[in-house]
Amino acid sequence: MSPKQKVYQGVLEEIRKFIEVNDLRPGDKLPSERELSEKLGAGRSSIREALRAMELIGVIETRHGGGTYLSKYRPYHTVELLSTFILSQTTKDELHIVKRLLEKEAAKLICHQMDQVKLEQLENKLNNSSTTIKEQHYSFFKYVLELTENQLLARMWGLIDEYSKSFSNHYSSEFYTNLIEIYKTQNYPSIEGLFNEEKLY
């Protein structure tokens, strides 16, 4: 793990502890950049970078001239924070396995609810000639995960997909059309085999 990653994790851990120990609620103020810098022995720029990342996922909010505050909590925020620790220490093979499992289970969950409109939406994701196969993969499975109506599952997949984009992000082009065909025929048992025979590229 790089020194930069260690500093980033230290900042997140310090904030987590502060929230827990002080029983903070949405709207309560967090330590300043200077205080966190002193506690961790880290530079202000590193502290600022970590806080900016937390603000991006909605855990905290920064008020101009007023400091940093805890935002309204949503259950999957915990997953996003934990991902900072977990994903940075996860191998490519492990990410491949978890990514495939999430996509497979999501594909299974929506099988029996597929109708013509949803099938057309999936097909449209693949027929956009202006997008790469990686972009089609993201668009395809983002829609699949949305159809599960499970925010936690969708956030977990989104985090892993984002983290693994540099080295894996799609299946073969035939995979997606085969999955759509399974949905059309409602051949639910075939989903397992389709994923087991496919690999991520």
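The values are calculated or read from the model by the stated rules, or taken from the named source; none is laboratory data. Keep in mind the model is a prediction, meaning the values are calculated, not measured. Every residue, glycine among them, receives a Cβ derived from its backbone with ideal geometry; neighbour counts consider all protein chains shown. Quick note on the areas: whole protein, heavy atoms, side chains included, nothing else; ligands and nucleic acids left out. Shrake-Rupley method; radii C 1.70, N 1.55, O 1.52, S 1.80 Å.
What does the extension gain come out to for residue 130 and residue 22, with contour length at 0.36 nm per residue minus their alpha carbon separation?
On the way: separation 108, 0.36 × 108 = 38.88 nm, distance 5.06 nm.
Contour length minus Cα-Cα distance gives 33.8 nm.
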Carbon plus sulfur fraction of accessible area for the chain, probe 1.4 Å, in percent: 52
In order through the range 161-166: 3J(HN,Hα) via Karplus (6.51 cos²θ - 1.76 cosθ + 1.60), integer Hz, x for Gly, Pro: 4, 5, 5, 9, 4, 6
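Subtract the Cα-Cα distance of residue 13 and residue 44 from 0.36 nm times their separation in residues, and report this length gain in nm to one decimal. Let's see the in-between values first.
On the way: separation 31, 0.36 × 31 = 11.16 nm, distance 1.62 nm.
Length gained, residue 13 through residue 44: 9.5 nm.
Nearest 20 debye, what's the magnitude of the dipole of the chain about its Cα centre given +1 on Lys and Arg Cβ and -1 on Asp and Glu Cβ? Walk me through the numbers on the way to the answer.
On the way: 27 positive and 29 negative charges, 130 e Å.
With Lys and Arg at +1 and Asp and Glu at -1, about 620 debye.
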Probe 1.4 Å, all protein chains present, accessible-area order of 112, 64, 96, largest first: 64, 112, 96
With DNA, RNA and ligands ignored, accessible area of residue 174 (1.4 Å probe; Å², nearest 10): 100
Solvent-accessible area per residue, Å², over the chain with all protein chains present [probe radius 1.4 Å]: 57
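Cα-based Rg of the chain per 2.2 N^0.38 Å, rounded to two decimals?
On the way: Rg = 20.3 Å, N = 201, 2.2 N^0.38 = 16.5 Å.
Relative to the 2.2 N^0.38 Å estimate, the chain comes out at 1.23.
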